[in-house]
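Step one of this worksheet: look at the structure below.
The values are calculated or read from the model by the stated rules, or taken from the named source; none is laboratory data. Because the structure is a prediction, the values reported are computed rather than measured. Here the Cβ positions follow ideal geometry from the backbone for every residue, glycine too, while neighbour counts run over all protein chains shown.
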Amino acid sequence: MFPVGRILSVIILSALVSSAGAAQETGLPGNATSLTETHGDWTVTCAAPQGAARCVIAQTQVNRHNGQRVLAIELAAIEGDNAASGTLVLPFGLNLDQGVALSIDESEILPPLRFSTCLPAGCLVPLTFNQDVMLAMWVGSVLNVSTAAHGSGQELGFSISLSGFTSALARVAVLSGA
């Protein structure tokens, strides 16, 4: 029969070795399982619940008067490419048939994009940005979103600051091991 102290030592050592191995696989500083950083107007968020880190950059804008979210954008790098995909979340009350037009500093970058659906969080526009769009965003200062109100057709515009966009993407590349 083994002494209880020796069995406990083996169990504790095994747990430490396996947790150290799992922590090393995250790639996040301090072997963290999650991380949030601010880069200008963008936020880098990473999670590594099962080892490898998955990171996104995001920006949320809130109405100062009532605290409601006006828009949110989240992007993740497409592996092996200088491209990104993600989602733009806009408020209800928009003309869904018209979709949205995107421009960077007054230069249109893509044909109009369609809404995919509306959920309780808002109306979703799937985004895929190729290398040319990403380059324009790296050097631009504002991503403009144009759409129209449902019913009245009144043109509506939203501005997404690109301050910190480049450093946020660079940080994601470092954290993801790209």
Open item on the list: Could you check region 77-86 and list, in sequence order, the residues that are on the phi < 0 side of the Ramachandran plot and surrounded by fewer than 17 Cβ atoms within 10 Å (Cβ to Cβ)?
Closed with: 78, 79, 81, 82, 83, 85
- [ ] Determine which member of the set 110, 88 is part of a strand (DSSP E or B) and within 17 Å of residue 142 (Cβ to Cβ).
- [x] 88
- [ ] For region 82-93, indicate whether the set of residues that are β-branched (Val, Ile, Thr), within 23 Å of residue 171 (Cβ to Cβ) and under 16 Å from the mean Cα position of the chain (by Cα) is non-empty.
- [x] yes
TODO: Within region 47-76, count every residue that is touching a helix residue (DSSP H, G or I) at 6+ places or on another chain (Cβ under 7 Å) and either among the aromatic types (Phe, Trp, Tyr) or surrounded by fewer than 16 Cβ atoms within 10 Å (Cβ to Cβ) (or both).
DONE: 1
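Does residue 122 fit the bill of being under 24 Å from residue 35 (Cα atoms) and assigned by TED's automatic domain parsing to the domain that holds residue 52?
So residue 122 does not fit the description; no.
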- [ ] Kindly list the number of the only condition in (1) within 29 Å of residue 170 (Cβ to Cβ); (2) under 19 Å from the mean Cα position of the chain (by Cα) that fails for residue 109.
- [x] (2)
Open item on the list: Is it the case, given these coordinates, that residue 151 is crowded, with 16+ Cβ neighbours inside 10 Å, out of contact with any Pro (no Cβ under 8 Å at 6 or more places or on another chain) and on the phi > 0 side of the Ramachandran plot?
Closed with: no
